[in-house]
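Asker: Quick one: structure below, then a few questions.
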Ligand SMILES: [Zn+2]
């Protein structure tokens, strides 16, 4: 592109607000759970914007939506961009939506400049990036990558017992779930614009972050069974206190995560349910969860191994039973150097400051990276706040992201 794109950021901000109003709550609160009435209305609104931009829309059996700007070589694999529009309860306006509507704005800017892509550009809305309804995040992209198989997907239910199959059909997404699986090379390259959801860019006063790695969690459920009894009647020798055992595990996880010496290793126990949970009763059972994340799989898994060893040792020493169940252990993502180079070059051309960084939360890009070279572009969000109604990205920040994305898409599409 030789001309500087004119960004109609006002229009984009108005669209973000309109989409935010399509919610199960009133602004500034945004709640848009997958396959809810709000989700369906939100999708319809965005599809209308796609149609107005002359994009061709297709949807797969899980509701992933693809809006295609046909290139001069439609037989070539497209350049992908996009994100999600579902929102957890009590969320804000920008998570995911900036990548979907910002991607659309990038396409409209290029259209206005008279740019004709060689490869087609496809803008994706991934179904259910948030785990709210089915307890598993990045549902649509995970299924495209076949990391969640159709057989595993049909077993999913929401808290009311409705199956994923029933709910997607009701939402109008039919066809075999096998057809969601995308072949390797489905996209030639993929780039996702997203708010940082952390404080780094704002603090450092940097316009855009170039994501080199996306961390991935390994999460476990740990069930500890000891022996209950009266808190007064049963003396200390020979006790099998499940919560005391859990306390050892929590501290062992903290020590193991710290001991790697890497800033990117983190370990958390976020749930610890104690039974029977009475002041005068020795805890007989504890269910706790662990979440261990890193950008290096081997290092992350070494923390898991250390914790397993501690589980065995504590179980033997305290005479309690400890059962661990691995809920998921997805691979961390290494972003594609060629896309990162295009992003960096675009940022420099656009006169924006940029810095390489790590994404610490899950994103659809984590799974798209299994089928195509992928990278992410972050913009700041105020105070690092996300998943809250006061989540905020300024029009300037969003404008910078869209500007860099538009230039990058043009470079990648050729
Ligand atoms: Zn998101």
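Asker: Run the numbers on the chain and let me know its relative contact order in percent, using alpha-carbon pairs under 8 Å that are six or more apart.
Answerer: Values: 941 pairs, mean separation 96.8, N = 414.
Normalised by residue count, the contact order of the chain is 23 percent.
Asker: Once you have the alpha carbon radius of gyration of the chain, what is it after dividing by 2.2 N^0.38 Å, with N set to its residue count? Mind showing how you got there, number by number?
Answerer: Numbers: Rg = 23.3 Å, N = 414, 2.2 N^0.38 = 21.7 Å.
With N residues counted in the chain, Rg over 2.2 N^0.38 Å equals 1.07.
Asker: Follow-up. Over the stretch 248-367, what is the relative contact order in whole percent, taking alpha-carbon pairs under 8 Å and six or more residues apart? Could the numbers behind the result be given before it?
Answerer: Values: 98 pairs, mean separation 23.3, N = 120.
Dividing the mean separation by the residue count of the stretch 248-367 yields 19 percent.
Asker: To the nearest 10 degrees, how steep is helix 242-259 against the longest Cα principal axis of the chain, on a 0 to 90 scale?
Answerer: Long axis of 242-259 versus the principal axis of the chain: about 50 degrees.
Asker: Once you have all Cα-Cα distances for the stretch 101-155, histogram them in 10 Å bins from zero and send the whole-percent values.
Answerer: Bins of 10 Å from zero give 21, 35, 21, 19, 4 percent of pairs.
Asker: Going by alpha carbons, how many degrees (0 to 90, nearest 10) lie between the helix axis of 9-21 and the longest principal axis of the chain?
Answerer: 40 degrees
Asker: Tell me, 404, 358, 327, 303 in order of fewest to most beta-carbon neighbours within 10 Å?
Answerer: Values: 404 29, 358 18, 327 15, 303 25.
Sorted ascending by nearby Cβ count, the order is 327, 358, 303, 404.
Asker: Relative to the first principal axis of the alpha-carbon coordinates of the chain, what is the inclination of helix 395-413, with its axis defined by its Cα atoms, in degrees from 0 to 90 and to the nearest 10?
Answerer: Result, in degrees: 70.
Asker: Next question, about the same structure. How would 234, 240 line up from fewest to most surrounding beta-carbon atoms within 10 angstrom? Before the final figure, lay out each step's value.
Answerer: Working: 234 16, 240 20.
Ordered from fewest to most neighbouring Cβ atoms within 10 Å, 234, 240 come out as 234, 240.
Asker: Could you line up 212, 258, 408 from fewest to most neighbouring Cβ atoms inside 10 Å?
Answerer: Values: 212 18, 258 13, 408 29.
Final ranking by Cβ density, sparse to dense: 258, 212, 408.
Any read-out appearing in this document is the output of simple, stated calculations on the displayed coordinates, not a laboratory observation. Only a predicted model underlies this, so the values are computations on that prediction, with no experimental measurement involved. Cβ sites come from the backbone with ideal geometry, for glycine too, and all protein chains shown count toward neighbours.
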